[in-house]
Every structure is written in C-alpha cells, then in structure tokens.
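Notes follow once the structure below has been shown.
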Amino acid sequence: METIDWVVKHSTRHTAQALDPDLGDLEFIESLVERLRPKRIMEYGSGWSTLVIGETLKRLGYGGSIKSVETDKDWWNLSKSDVYNMGLSQWVSSVWDTHLLQIDVPYRYGEDTESTRIWEHIWQHSVTPCWDCDFLYVDGPELTDNCRITFNNDMLHVPVILVDGRQETVDFLKQRLPHSYIEDKEQYRSLFIL
C-alpha cells in the first residue's frame with residue numbers, strides 16, 4: 001500500500017480531472033507484479049495502474065518493465081508527464097496508438113458456411129503485444145456499449161492476461177484462448193493464466 005500512497009500523492013492526475021484511483025484494483029495489480037515478477041508487461045489503457053506498476057518495478061529492482069499503450073492523446077500526454085516527473089522512465093514506456101482497427105470476425109464456430117456464420121464488429125489495437133511479453137493488462141480503451149477488444153494470434157503465448165471490467169472482451173477471449181481463467185465478478189476483473 002506504500003507504493004499506491006506514494007503514487008497518489010505524487011501524481012498530477014488528481015488535478016487533471018482524472019478518475020479517482022480504484023485502490024482495490026491497484027492493490028491487486030501490485031500484488032500480482034510482486035508475486036509473478038514479470039519481465040515484460042504490456043498494458044492497454046494508461047492511468048493509475050501504469051504508475052503503480054512502474055513504481056512497483058522500481059521498488060523491486062529485478063529488471064522488469066512496462067509498455068503502456070494509450071489511444072487517447074490527452075491521456076497519453078498526461079501519462080508521459082507523470083512517468084517523467086515521478087522518475088519512472090527507466091521502467092515505463094508509453095506508446096500512443098493512433099487508431100484502433102475495426103475488423104469483422106465470426107462470433108461462433110461450427111459448420112463454416114456463409115449461412116451459419118455470425119459476424120461481429122470488434123476493435124483491435126494496431127500496437128500488438130511484444131513477442132517477449134509475459135504479462136498483459138487490458139484496461140482500455142474507455143468502455144462503451146459493444147466495445148470488444150481483441151488481439152491477433154500474437155497474444156496466445158502471453159502466460160498471464162488481466163482484463164479489468166470489460167466483460168465483452170472477456171467473453172470474446174474465453175472463446176479463443178487456451179488459457180484457464182478466474183473471474184471476480186464482484187470486482188469486475190478476469191485473470192487468464194496459460
């Protein structure tokens with residue numbers, strides 16, 4: 001909790017009309033990083049979690065890093081500023097994903113004919129997980145109706161995937177990933193483990 005208190009105290013997010021931090025989520029993420037010690041974390045959606053993960057990596061000192069991908073330019077600039085001002089640049093890099101790709105995919109599999117195939121529109125980040133990523137955190141983009149985020153097959157190798165509050169994305173991933181998963185419906189998060 002010391003890490004979270006320090007981040008909240010030193011971030012400029014509270015003056016930038018940002019959402020208040022969800023302390024339960026931040027404690028959970030911090031404990032996962034402490035236990036699993038991932039070397040390469042990839043995060044979709046920057047914010048309080050980016051700073052807590054960065055500060056945790058700095059405190060633990062085992063050589064881990066996080067690459068945070070953000071689709072909102074203002075939010076990306078705020079994150080870059082906080083990372084720099086809080087001395088976390090060695091552990092945190094930020095990428096502005098200039099656009100999400102809208103693609104159509106079959107929703108259900110079975111007999112594969114045009115008459116039985118159900119298509120759905122989904123969004124895919126143009127920045128995909130790095131090949132050596134061992135922890136993926138999906139916390140963006142902003143939730144909207146029918147906002148389902150998917151990834152190409154590059155993510156099938158990622159051993160740990162945490163999805164925060166995006167049930168559409170969770171349902172989609174459950175159909176396509178070989179991972180086992182744990183859902184915490186009370187806290188609106190799901191953890192996929194390879």
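Assorted remarks:
- Residues in segment 72-88 that are more than 15 Å from the chain's Cα centre (by Cα) and open to solvent by less than 70 Å² (accessible area, probe 1.4 Å) were compared, and the one that is farthest from I4 (Cα to Cα) is N77.
- For segment 6-48, filtered to residues that are among the charged types (D, E, K, R) and modelled with pLDDT under 80, the residue that is most open to solvent (accessible area, probe 1.4 Å) is K9.
- Checking each residue in segment 53-71 for being touching a helix residue (DSSP H, G or I) at 6+ places or on another chain (Cβ under 8 Å) and either open to solvent by 10 Å² or more (accessible area, probe 1.4 Å) or at pLDDT 95 or above (or both) picks out I53, G54, E55, T56, L57, R59, L60, G64, S65, I66, E70.
The values are calculated or read from the model by the stated rules, or taken from the named source; none is laboratory data. Just so it is clear, the model here is predicted, and its values are computed rather than measured. Cβ coordinates were reconstructed from backbone atoms using ideal geometry, including for glycine residues, and neighbour counts include every protein chain displayed. SASA here: full protein model, heavy atoms, side chains in, ligands and nucleic acids out. Shrake-Rupley method; radii C 1.70, N 1.55, O 1.52, S 1.80 Å.
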